[in-house]
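Have a look at the structure below, then the notes.
No value in this document is a laboratory result; all are computed from the given coordinates. Everything numeric here is computed off the predicted structure, so don't read it as measured data. As a convention, Cβ positions derive from the backbone with ideal geometry for all residues, glycine included, and neighbour counts pool all protein chains shown.
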Amino acid sequence: MLLRLFADFKKNAPYFVLGGLLLTIFYAFSFLVKEDVFTRFDFDMTVRVQNNVPVRFDPYLSWFSLLGSFEVTLLILIVFSIINFLKKKFLSILLVPAFGFMHVVEIIGKAFLDHPQTPFMFHRYALDFFFPTSYVQPGGSYPSGHAMRTAYLAVLFLFLVKNSKLSRPYKLFSYSAILAIYLIMVFSRVSLGEHWTTDVIGGSLLGAAFAFFSFALL
């Protein structure tokens with residue numbers, strides 16, 4: 001048993017190291033955000049992006065606000081966990097608690113890091129539907145929950161595609177599709193004025209870090 005545990009730890013050690021490295025970068029970046037190092041950068045990026053994205057695209061980009069919501073991403077993760085549990089990957093059921101703990105870190109960041117949300121004049125969400133969690137405002141806007149959840153699932157699925165038995169063309173197609181969804185998601189956060197660019201970067205770092213930690217459960 002001890003040999004098996006040691007072998008598992010040795011196998012998963014690189015993932016823990018990468019996750020720890022990303023988490024360290026996240027905390028270092030968060031410190032710079034707290035010190036208002038990127039205030040001008042955030043404002044200029046939002047203005048530049050919104051000036052170059054026609055308003056007619058807002059309804060399409062707004063759908064990504066729903067896709068990256070807590071409710072939808074949690075449902076995706078639950079289905080994913082159940083499928084892997086049925087494949088006798090029993091630890092995969094712990095992905096849901098890990099997902100929840102990731103949100104605890106996000107909420108702590110929003111509560112204690114004074115990073116004001118984007119002004120109302122930048123808001124361009126174009127749909128009439130909102131999930132219940134959209135009304136929850138735990139504090140500032142850093143880090144972006146949408147970017148965090150999307151990065152978490154994207155890295156998780158990239159890992160699975162890499163280790164799958166799919167042919168090379170299908171793998172390349174899957175990689176492209178996953179990365180495209182992630183990039184459109186984080187772009188839409190800035191384009192719709194829902195988050196600053198630094199919010200998206202911080203959320204992505206946090207989500208990717210937890211994804212690497214979660215690999216040990218798979």
Show the residues, 5+ positions off or on another chain, whose built amide H is closer than 5 Å to the amide H of Gln117.
Ser141
Normalised by the number of residues in the chain, what is the relative contact order in percent for Cα pairs under 8 Å and 6+ residues apart?
36 percent
Which of [x] 1.07; [y] 1.01; [z] 1.20 is the computed Cα Rg over 2.2 N^0.38 Å? It is [x]
Compare the Cα positions of Leu166, Phe215, Val49 along the charge dipole of segment 25-217 (+1 at Cβ of Lys, Arg; -1 at Cβ of Asp, Glu; about the Cα centre) and return the one farthest towards the positive end.
Leu166
With charges set only on the Cβ (+1 for Lys and Arg, -1 for Asp and Glu), what does the dipole of the chain come to about its Cα centre, in debye to the nearest 20?
1200 debye
Mean-square fluctuation check for the chain, GNM, Cα pairs under 10 Å: which of Val155, Val79, Val190 is largest?
Val79
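Can you sort Arg168, Arg149, Arg48 by how many other beta carbons sit within 10 Å, fewest first?
Listing Arg168, Arg149, Arg48 from fewest to most nearby Cβ atoms yields Arg168, Arg48, Arg149.
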Residue-count net charge about Lys171 - beta-carbon cut-off 14 Å; Lys, Arg +1, Asp, Glu -1:
+3
Which whole-Hz couplings ³J(HN,Hα) result when phi for each residue of segment 188-200 is put into the Karplus expression 6.51 cos²θ - 1.76 cosθ + 1.60, θ = phi - 60°, listed in order with x for Gly and Pro?
5, 4, 7, 4, 7, x, 8, 8, 7, 4, 5, 4, 5
Anisotropy class of segment 141-218 from Cα gyration tensor, a/c 1.5 cut:
oblate
Mind listing the phi-derived Karplus ³J(HN,Hα) values for segment 202-213, rounded to whole Hz, using 6.51, -1.76 and 1.60 with θ = phi - 60°, and x for any glycine or proline?
x, x, 5, 4, 5, x, 5, 4, 5, 5, 5, 4
Can you give me the Cα centroid spacing of segment 102-159 and segment 38-65 in angstrom?
15 Å
So what J values fall out for segment 89-96 if you push phi through Karplus, 6.51 cos²θ - 1.76 cosθ + 1.60 with θ = phi - 60°, rounded to Hz, Gly and Pro as x?
9, 5, 5, 5, 5, 7, 4, 5
